[in-house]
Structures are given as structure tokens and as C-alpha cells.
Amino acid sequence: MLRLEGIRAGYGQATVLRGVSLVVPDGAVVALLGPNGAGKTTLLRVASGLLHPTAGRILLDGEDVASAPPQQRRRRGLCHVPERGGVFADLTVAENLRLFARPGGEEEAIDRAVAAFPALGQRLQQAAGTLSGGEQQMVALSRVHGEESRVVLLDEVSMGLAPKLVDTIFAFLEDLARTGVSLLVVEQYVAKALGIADYVCLLDRGRTAFVGEPAELDSAGLAARYLAG
Ligand SMILES: Nc1ncnc2c1ncn2[C@@H]1O[C@H](COP(=O)(O)OP(=O)(O)O)[C@@H](O)[C@H]1O
Ligand SMILES: [Mg+2]
């Protein structure tokens, strides 16, 4: 569904990604793990078109999208939930949900968000910035339903949330995966991410340190080396 090949990218003179390749198969959940600063967020930004790579290929459902702007990738089913969600704080929850919806699908997007996260039902007319961190993440995750998403990039969506909310969010991701949507999940809750992942990719200082199934990661002793704690 998504294929990144030999990606090099960075900021100004600083090269962050030094030739990273990654495949998210159709319907699969891939956990993208690695230490802080490894380049996980940068790789998601390259995939969704927010950052241009200096080398490499980006294929979305077999089509080269390297020169396609983010909105075109979105229309082809790629959805990026960035770090800290990126909701519009001054807009109401309903306005946020309408913004992420395809034209004509605004009310349906609100209905689907409330069905997935009933807590949002009471909050629709409230400014999103006044919600709790967990509720803001619910709004951010609801953008997945706005247009038919086929591959979703999730950047630490459970960061800083209470354990019960983390469970709610992972349950949402599991449900999403069951509908056949492909997921690329960057997470600090490593065990949780490995629990829903079909494959895991370990990034270290801008290079791929490991690609395989979660069980292989353990047996290679890599989990302890890279992901302690
Ligand atoms: N906007 C930016 N400008 C300059 N350097 C950045 C920027 N964003 C990230 N970096 C640097 O790129 C490297 C990788 O960052 P990032 O992709 O955020 O890593 P991760 O998400 O794995 O923690 C880090 O060294 C970070 O300091
Ligand atoms: Mg990051």
C-alpha cells in the first residue's frame, strides 16, 4: 500500500534519513520504532509530502507520488495524524471534524467520530483547545474517517495520555486495522504497538536497524538494546 525506497531527507545541511526503505503491505499494521531523534517523525513527513526527500522513491498503491503535494496523497487515501494531533484549537470540535471531511461528507464524519468516541458527543460545540489531551487526540484520530483512508500514519498518538485512554486509542486502531486499513504506527508504548503489529521496523540514527516480525525482534535481542523501558 505504501512503499518508501532509499529515502534520504533532512533539514537544511543536516541529513536525518540516510537511505531508509520501508513497506506497509495492504491491510497490515507496521510499527515504526526507535530512539528519540532516530528520524521516525521525519519519515512520516516524507511519506505524507510535508517534507521533500533529497533522494528515494515513494509509492502509494503502486503509484509514484514523490512529486505529489500532501493534499493529493490525502485524496488517494493517505492520512497523517501528526505528533500532538494538530487539531485547530480555536475551532469547535464540530468545525474540526467538518474540516477533515470530504465535501458533502461533513455530517457523516461527525456521526462516525461520535460513534467511535462517544465522549465527543457532548463536546461538539466546544473549542477544541479547551478539551483534554485525550479528547483532542480523539478529534485528531477522527480525521481518519473524513475521506476513505487506506493507509494511516500515526505519530505517537498516545503520548502523555492516561493508561485508560491509551487503551481506548489502541482499541480504535485495532478496529481500524480490522476494516482493512493499513497502519504505520510510531509509538512510545512499544509493547502495545508490537501487540497490534504484523511487522516492525526499527530506525536508528536515520538508518533501518531491523525489519521483521515482532517475535523476531525479541529473539534478536534488539528490543532490549533499542527499546529498553
Ligand atoms: N524542523 C527541524 N529542523 C531541524 N532539525 C530537525 C527538525 N525536526 C527534526 N530535526 C532533527 O532531526 C532528527 C530526527 O528527528 P525526528 O524525525 O523528529 O526523530 P524522532 O521522531 O524519531 O524522534 C533529530 O536530530 C532532530 O533534532
Ligand atoms: Mg517523533
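The values are calculated or read from the model by the stated rules, or taken from the named source; none is laboratory data. Just so it is clear, the model here is predicted, and its values are computed rather than measured. Here Cβ is always computed from backbone atoms with ideal geometry, including for glycine, and neighbour counts include all displayed protein chains.
The set of residues in segment 16-28 that are farther than 12 Å from Gly56 by Cβ and in a strand (DSSP E or B) comprises Val16, Val23, Val24. The single condition among (1) away from ligand 1 (no atom under 16 Å from the Cβ); (2) over 13 Å from Leu184 (Cβ atoms) that Gly37 does not satisfy is (1). Going by what's in this entry, would Leu43 be described as within 16 Å of ligand 2 (Cβ to nearest atom), in contact with a Cys (Cβ under 8 Å, 6 or more places away or on another chain) and not aromatic (Phe, Trp, Tyr)? The answer is no for Leu43. Evaluation of Ile58 against the conditions (1) at pLDDT below 95; (2) among the aliphatic types (A, V, I, L, M); (3) not in a helix (DSSP H, G or I) shows that the sole unmet condition is (1).
With respect to Leu51, determine if the residue is surrounded by fewer than 22 Cβ atoms within 10 Å (Cβ to Cβ), part of a loop (DSSP other than H, G, I, E, B), within 16 Å of ligand 2 (Cβ to nearest atom) and not aromatic (Phe, Trp, Tyr). Judged against the criteria, Leu51 is a match.
Scanning segment 78-106 for residues that are charged (D, E, K, R), within 18 Å of the chain's Cα centre (by Cα) and under 22 Å from Pro118 (Cα atoms) yields a total of 1.
Summed over segment 155-192, the residues that are within 15 Å of ligand 1 (Cβ to nearest atom) and among the hydrophobic types (A, V, I, L, M, F, W, C) give a count of 6.
No other residue among Ala31, Ala9 is in contact (Cβ under 8 Å) with a residue 60 or more places away in the chain, of a type in the set (Gly, Ala, Ser), surrounded by 15 or more Cβ atoms within 10 Å (Cβ to Cβ) and not in a loop (DSSP other than H, G, I, E, B) apart from Ala31.
Filter segment 62-84 down to the residues that are small (Gly, Ala, Ser) and closer than 19 Å to Leu154 by Cβ and list them by number. The one that is small (Gly, Ala, Ser) and closer than 19 Å to Leu154 by Cβ: Gly77. The residues on offer are Arg84, Arg75, Arg45, and the sole one that is within 20 Å of Arg143 (Cα to Cα) and loosely packed, with under 15 Cβ neighbours inside 10 Å is Arg75.
Within segment 5-30, the set of residues being under 16 Å from the mean Cα position of the chain (by Cα) and within 14 Å of ligand 2 (Cβ to nearest atom) is empty.
For segment 188-222, the set of residues classified as touching a Ser or Thr at 6+ places or on another chain (Cβ under 8 Å) and touching a residue at least 40 places away in the same chain (Cβ under 8 Å) consists of Cys201, Leu202, Gly206, Thr208, listed by residue number. In a residue-by-residue description of segment 11-19, the property of being within 16 Å of ligand 1 (Cβ to nearest atom), closer than 30 Å to Pro118 by Cβ and among the aliphatic types (A, V, I, L, M) applies to no position.
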